[in-house]
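Asker: Please find one structure pasted underneath; my questions will follow.
A short reminder: the numbers here are calculations on the coordinates, not readings from a lab. Only a predicted model underlies this, so the values are computations on that prediction, with no experimental measurement involved. Ideal geometry is used to build each Cβ from the backbone, glycine not excepted, and the neighbour counts take in all protein chains shown.
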Amino acid sequence: MNGASAKNRRVLVVDDTESIHRTFRDVLAPAGSSAGLDALDALLFGGQGGAPRGPSFELTSAYQGEVALEAVRRSVQAGAPFAVAFVDVRMPPGWDGVETLSRLWEEDPLLQGVICTAYSDCCWEDVMARFGQTDRLLILKKPFDVVEVRQIACALTEKWNRERELEEAVARSSAQDEKHRRLIQSLPDMVLRVDRDGRCLEVKPPRGLALALQPGFSRDMPVGDALPDDVARRLLDDLRRALADDTTQVLEYEQPVGGELRHHEARIVGLDASEALVLIRDITERRRAEAAAAEQRAQQEIIREQARALEALSMPLIPITDDITVMPLIGHMDRHRMRQVQATLTAGIAARNTRVAIVDLTGVPSLGPDAADEIVKLAQAARLLGTDVVLTGIGPHIAQELTRVGRDLGGVTTRLTLQSGVAFAMMKR
């Protein structure tokens, strides 16, 4: 009910006199002027007419209490209840106004009631004895006053609407609170609501984890009492910073639990200027996983270093004279390793002013994909530096691979053994 058009202005008039119903319609739901309106006003409202007309109401008429009860029952079932009922105190031969209103309230407790009565018809003490103290009931004395009738109708319908709006707002707030409660309950963390001095106002224990605070901690206790002194001081400092700066503070600490040292993380979030949430999570397993991952990374780095050392050992550069160098290769050679061979060999050639470089393949059982291409590139790079390359120890498998890829080794000297390769290099001197 956000706009005026959505407000409930449904009014039930219960009276055994037709003229009363017509007058209520003229006062609360006027359709325009009528020739007899002034006369009716004078008759029923003590001669006071000409009152300003306000919002129009949706009126329903009932001439007996039993009929009124059925109308209220149908309106509630249809989801369109009445906001106000004007009930005459005398309606022979059926129920009187007090009995009628009592029955109507049994069907719709939210209905606002007005008993219309002459001074001699109804005693306030009798009404109070029947209904007790209630804010849903007014007494409208005859003769009626137009302004008074409209004021009552406006005030009570507005009261009904405001109460429904309040109920809806409370229901929405309660639903939101329930969502928040379920969300917090679903967290594995210990959740504390604390004041600015660290006193616990509300506590939700951790789920499925060891206690994050010392045993025996409960509501109304200072959080610091359940922590080591140094941790308590840090937590209070972070709590005040979170409240002052509207920031999230994170504190990590260690706490002995059940004979085991556990790691915890406390996140402090300000709710307002005087309260904060403290979420305490056991991060022991996370710390262990991080330590294991760090150890694994260190081991992998050691393995990589060892691999690099082995690679260096498998492709040593050995000078046998001032201008002759031998590089014996060991193990399977792929493109990556052949490029390392090329880098090592060309660097050594440039550093030693090598005239002949002997690359011995005796210890190489096989060549990986594209490694044969890299051998040709190796020889080409050496020639650019003014060095002749001699390949020795080419076995059947390597010869087949070089033939398969169709690489021309023209310009590259080959010898069967390292010994013959060294002899060839010495002869070229």
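Asker: For the chain, taking Cα atoms only, what is the radius of gyration to one decimal and the Dmax to the nearest whole Å?
Answerer: Expressed in Å, the Cα Rg and Dmax of the chain come to 49.3, 147.
Asker: Based on alpha-carbon centroids, what's the gap between region 84-120 and region 236-296 in Å, whole number please?
Answerer: The distance from the Cα centre of region 84-120 to that of region 236-296 comes to 64 Å.
Asker: Using a Cα distance threshold of under 29 Å, what count of lysine pairs results for the chain when pairs must be 8 or more residues apart or interchain? Kindly include the intermediate steps, with their values, before the conclusion.
Answerer: Working: K7/K141; K7/K142; K7/K159; K141/K159; K142/K159; K179/K204; K377/K428.
Here the count comes out as 7.
Asker: Starting from the Kirkwood radius over alpha-carbon pairs of region 187-282, derive D by Stokes-Einstein at 37 °C in a medium of 0.692 mPa s and give it in µm² s⁻¹. Don't skip to the end; give the middle numbers.
Answerer: Values: Rh = 13.0 Å.
It diffuses with D of about 252 µm²/s by this estimate.
Asker: Helix 18-28 sits at what angle to the longest principal axis of the chain, using alpha carbons and giving 0 to 90 degrees rounded to 10?
Answerer: Once rounded, one gets 50 degrees.
Asker: Also: Note the per residue figure in Å³ for the convex hull of the C-alpha positions in region 231-373.
Answerer: Numbers: hull volume 35.6 nm³, N = 143.
Hull volume normalised by residue count: 249 Å³.
Asker: Which residues' amide hydrogens lie under 5 Å from the amide hydrogen of T413, considering only partners 5 or more residues apart or on another chain, with H built in the peptide plane?
Answerer: Long-range HN contacts for T413: V389, L391.
Asker: What list of ³J(HN,Hα) values in whole Hz, one per residue of region 276-285 in order, does the Karplus curve 6.51 cos²θ - 1.76 cosθ + 1.60 (θ = phi - 60°) give from phi, with Gly and Pro shown as x?
Answerer: Computed from phi, the couplings for region 276-285 are 8, 9, 10, 9, 10, 10, 6, 10, 4, 5 Hz.
Asker: Turning to a different aspect of this structure: By how many degrees, between 0 and 90 and to the nearest 10, does the Cα long axis of helix 335-352 differ from the longest principal axis of the chain?
Answerer: 50
Asker: Could you derive backbone 3J(HN,Hα) for region 388-402 from the dihedral phi with the Karplus parameters 6.51, -1.76 and 1.60 (θ = phi - 60°), listing whole Hz in sequence and x where the residue is Gly or Pro?
Answerer: 8, 9, 10, 9, 10, x, 6, x, x, 5, 5, 4, 5, 5, 5
Asker: For C116, what residues show an amide H to amide H distance below 5 Å, using hydrogens built from the backbone and excluding near sequence neighbours?
Answerer: For C116, whose amide H was placed from the backbone, the distant partners under 5 Å are V87, D88, V89, L140.
Asker: Same structure, new question: By how many nm would the segment from D373 to E305 lengthen if fully extended, with 0.36 nm per residue of separation less the alpha-carbon distance? Walk me through the numbers before you get to the answer.
Answerer: Working: separation 68, 0.36 × 68 = 24.48 nm, distance 2.77 nm.
Between D373 and E305, full extension yields 21.7 nm more.
Asker: Starting at the first residue of region 148-162, write each ³J(HN,Hα) from the Karplus equation 6.51 cos²θ - 1.76 cosθ + 1.60 with θ = phi - 60°, in whole Hz, x for Gly and Pro.
Answerer: Each residue of region 148-162 in turn: 5, 4, 5, 4, 4, 4, 5, 5, 6, 5, 5, 4, 4, 5, 5 Hz.
Asker: Could you work out how far apart the two model spin labels at Q185 and D237 are, taking each label as a point 7 Å from the Cα in the direction of the beta carbon, and quote it in nm?
Answerer: 3.8
Asker: Check which residues have an amide H placed less than 5 Å from G331's amide H, if you skip close sequence neighbours.
Answerer: Placed amide hydrogens put V364 under 5 Å from G331.
Asker: Taking the chain as the reference, fit the longest principal axis to its C-alpha atoms, fit the long axis of helix 97-107 to the helix C-alpha atoms, and give the angle between the two in degrees, 0 to 90, nearest 10.
Answerer: Taking Cα atoms only, the helix is inclined about 20 degrees.
Asker: Just for the chain, what percent of DSSP beta bridges are antiparallel, to the closest 5?
Answerer: Numbers: 29 of 63 bridges.
Counting only bridges with both partners in the chain, antiparallel ones make up about 45 percent.
Asker: Would you mind giving the average projected area, over all directions, of the Cα convex hull of region 315-427 in nm² with one decimal?
Answerer: Projected area, direction-averaged: 6.0 nm².
Asker: Students often get this wrong: which residues of region 79-109 have the backbone nitrogen under 20 Å from the point 7 angstrom along Cα-to-C-beta of A129?
Answerer: 89-91, 95-103
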